[in-house]
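Below: one structure, written as structure tokens.
The values are calculated or read from the model by the stated rules, or taken from the named source; none is laboratory data. Given the structure is predicted, the values throughout are model-derived calculations rather than measurements. Neighbour counts are summed over all protein chains in view; Cβ atoms, including those assigned to glycine, are modelled from backbone coordinates with ideal geometry. Side chains are part of the model used for accessible areas, which takes the heavy atoms of the whole protein and leaves out ligands, DNA and RNA. Shrake-Rupley method; radii C 1.70, N 1.55, O 1.52, S 1.80 Å.
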Amino acid sequence: STIEYDEVLFASSMKLKIDSSKLYKEEKGAGRAGSSRLSNSFFNAKPAARNIDDFGFGNMKPRGKKNDLGSSQATEEHSVEKVVAHLVEAEELESNVALPPMDLRDCLKSSQQGDDVLHFGSMCKQASQLLMETRSYKSHLHSSLGSHYATVEKRETLRGTIQTLRHLLSNESLQLFPDFLQRKSLLKTLNYIDNNDIVMVKGRVACECNTCEEIIVTEMVFEGILNDLEPAEIVAALSALIFQEKSDSELDSELPETLRETCEAMKKIAINLGQLQNDHGLMIDPKDYCESSLKFGLVHVVYEWALGVPFSNICELTLVQEGSIVRCITRLDELCREVRNCARVVGNPTLYRKMEEASVAIKRDIVFSSSLYIT
């Protein structure tokens, strides 16, 4: 008689007569609605016993579950257990026999053409080699495979956790790490640090300045553009590093020529530093960097204040509010002390004395009063 594919339960080299009626019976009340589903014997298969769902027949349910009672139930359950045991034994025997794998190239000769044939043949050969290599392993047949697998799984989980933690603790996980490397390269180019990341003299000078853009101040000190200025002119030029509000940046023609030249030199230093940062990969526009770092709106005001002009008179020189003027001059006193320390580090006594005089010149009157409520 002809055997349909959906009637095959298990194929093996063992010969055993199995009565399928002992395993399943047709579901009652299927009706016409279920007739089409019955044509597919694997549709909605239900388990007959332990692990029997792997060998299901469509719309069949196990006997002895609900409907059969008594001794017939025990007999049929015993038959099911016996059948399953034979199936498991047959599976183990087939795995030991190690039948040669089916050559998939024979199934697709007509559908493969051109380079696809070579690629498909190569993949089939690789699959066959992997299969033979896998069959050569005997570890999967070990009696303690479960415990060994659990140990290996735990070890690999711990190893993955360690790798994740190492990545989180490494520099590669830092979002700003590329920016850090670019800035460090910039400091090496400017000789703030050497190739061994040791801070050099310019780096020590930059560490003394915390009030404003320390790189600009350091370059000003090392280029010596403050050495030939008077204390009032020095503090006026430094006000461009402190003042941050938007105002008219044009220098007053009444200012001394040396002071205006110093301000132009400061602009060149800022533009050069901005360009150098851009060359090292930092997203900085030289002109924007210069405009954001240097604002010359209070140069004339601070210069007159350092010369002893009353506060009410200097307020008439600008549209900036009085509170902003007071805050700028107060911070200038801090910057004067920092530049004085920079001169000490580089060994410039002339600049050191001038910075002390500049600090004394601006530290007076209502600006440094402890209270505005004067009686």
task = Note down the nm distance, to one decimal, between modelled labels 7 Å out along Cα→Cβ at Ser292 and at Ser253.
result = 3.4 nm
query = What distance in nm separates the simple spin-label points at Leu169 and Asn227, each placed 7 Å from Cα in the Cβ direction?
reply = 5.1 nm
task = Kindly report, to the nearest 10 Å², the accessible surface of His119 as traced by a 1.4 Å probe over protein heavy atoms only.
result = 120 Å²
key: Gyration tensor verdict on the range 194-258 (Cα atoms; rounded if a/c is under 1.5, prolate if a/b is larger than b/c, oblate otherwise)   = prolate
task = Could you check the simple spin-label distance between Arg337 and Arg204, using points 7 Å along Cα→Cβ, in nm with one decimal?
result = 2.1 nm
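Can you figure out the FRET efficiency of Thr157 with Ala265, using R₀ = 45 Å and their beta-carbon distance, to the nearest 0.05?
Working: r = 63 Å, r/R0 = 1.40.
After rounding to 0.05, the efficiency reads 0.10.
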note = Which of Lys188/Lys295; Lys202/Lys267; Lys268/Lys363 exceed 23 Å between C-alpha atoms? The answer is Lys188/Lys295; Lys268/Lys363
ask   = Counting alpha carbon pairs within less than 8 Å and at least 6 residues apart, what relative contact order, in whole percent, applies to the range 206-299?
value = 37 percent
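Could you pull out the trypsin sites (Lys or Arg not before Pro) across the range 138-229 that fall in loop regions by DSSP (anything but H, G, I, E, B) with no more than 10 other Cβ atoms inside 10 Å? Present the calculation step by step, with values, prior to reporting the outcome.
On the way: sites: Lys138, Lys154, Arg155, Arg159, Arg166, Arg183, Lys184, Lys188, Lys202, Arg204; in loops: Lys138.
Those that pass, being in a loop and sparsely packed, are Lys138.
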remark   = Expressed as a percent, the accessible surface of the range 272-375 that is carbon or sulfur, using a 1.4 Å probe and the full set of protein chains, is 50 percent
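Determine the per residue accessible area of the range 202-301 with all protein chains present and a 1.4 angstrom probe, expressed in square angstrom. Walk me through the numbers before you get to the answer.
Numbers: 4560 Å² over 100 residues.
Computed with neighbouring chains in place, this is 46 Å² per residue.
Between the DSSP loop rule and a limit of at most 10 other Cβ atoms within 10 Å, which GluC sites (Glu not before Pro) in the range 208-253 are left?
Details: sites: Glu208, Glu213, Glu214, Glu219, Glu223, Glu233, Glu245, Glu250; in loops: Glu208, Glu213, Glu245, Glu250.
Answer in residue order: Glu250.
Evaluate the charge dipole of the range 322-372 about its Cα centre and quote only its size in Debye, nearest 20, assuming +1 on the Cβ of each Lys and Arg and -1 on the Cβ of each Asp and Glu.
On the way: 9 positive and 7 negative charges, 35 e Å.
Roughly 180 debye, rounded to the nearest 20.
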